[in-house]
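**Q** Here's a structure for you.
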Amino acid sequence: MAVELCFALARPLERVLERIRLEGLEHLRAAMQRHGRVLVLTAHLGNWELLAVAHRLTGFPLTVVVRPLDAPALNALAERLRRKAGVELVDKRGALRGVLAALGRGPRMVGVLLDQNASRREGVFVPLFGRPASTSKSLALLAARTRTPVVPIFAHREADGRHLVAIHPALPLPEPPGAERAIIELTMRCNEAIEAAVRRTPEQWLWVHRRWRTRPAAERGAAP
């Protein structure tokens, strides 16, 4: 992944885009035509940083909610690539104002990675690979309150070293939008989309992250 980021930084974006192909662009266009903006659900799958470059193939601007990567050197490479690709960055801490502002400047995509462990305060427990996983409810809250569709988009590295960006149909927005059950239902659908994408290329998921670290309080020995 680091080598591919260096390649992308050292060459014109057009050369990088030659190694990326889109699948399902019609789903994104349909959601944009109907709503004028979308929330992009993605995960740490394949070389997810190349999604920043791939957005140029869609014709729609992109804002991404980010937090610094744990590896400083890799984080510096990722930051340079995002800015080179023309992506607007919103810090995960206090991101609400920036995300709402971005959605208000449609047509625009706002991307969120949703496959990492969330604290009990930030998340809800919904299934992922058959186990309850504390999952951030931020994306579902934004979608429900702003009536913005969630479009799952994932990166997959192909056998020849190229990259496939798979765009899926928008997830149905549950009703009523403000109900807690609606938030849980949409978050569950997000995890189902992530699980399906991981099953497509399981070896490309950043599974070393302790995804199931936060446990339901009812479980014996639950972590704080």
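**Q** Let me check I've understood the local charge: for Arg37, count other residues with C-beta under 12 angstrom from its C-beta, Lys and Arg +1, Asp and Glu -1. What total comes out? Walk me through the numbers on the way to the answer.
**A** Working: positive: Arg34, Arg105, Arg108, Arg147; negative: none.
Net charge around Arg37: +4.
**Q** Then there's this: Compute the semi-axes of the equivalent ellipsoid of region 10-152, taking the square root of 5 times each eigenvalue of the Cα gyration tensor, and list them largest first in whole Å. It would help to have the intermediate numbers written out before the result.
**A** Numbers: eigenvalues 113, 78, 47 Å².
Equivalent ellipsoid of region 10-152: 24, 20, 15 Å, largest first.
**Q** Using every pair of alpha-carbon atoms in region 111-223, split the distances into 5 Å bins beginning at 0 and state the percent of pairs per bin, rounded to integers.
**A** 2, 11, 21, 22, 19, 14, 7, 3, 1, 0
**Q** Nearest 500 deg cm²/dmol is fine: what mean residue ellipticity at 222 nm does the chain get from its DSSP H runs of n ≥ 4 alone, each adding -39,500 (n - 2.57), divided by its residue count? Mind dumping the intermediate values first?
**A** Values: 8 runs with 80 residues, N = 224.
Value at 222 nm, helices only: -10500 deg cm²/dmol.
**Q** With each label point set 7 Å from Cα along the Cα-Cβ vector, what nm distance links Ala76 and Ala159?
**A** 3.8 nm
Where a number appears in this text, it was derived from the coordinates with a stated rule and is not lab data. Computed from a prediction, not measured in an experiment: that's the story for all the values here. When we count neighbours, we look across all protein chains shown, and the Cβ atoms used for this are built from the backbone with ideal geometry, even at glycine.
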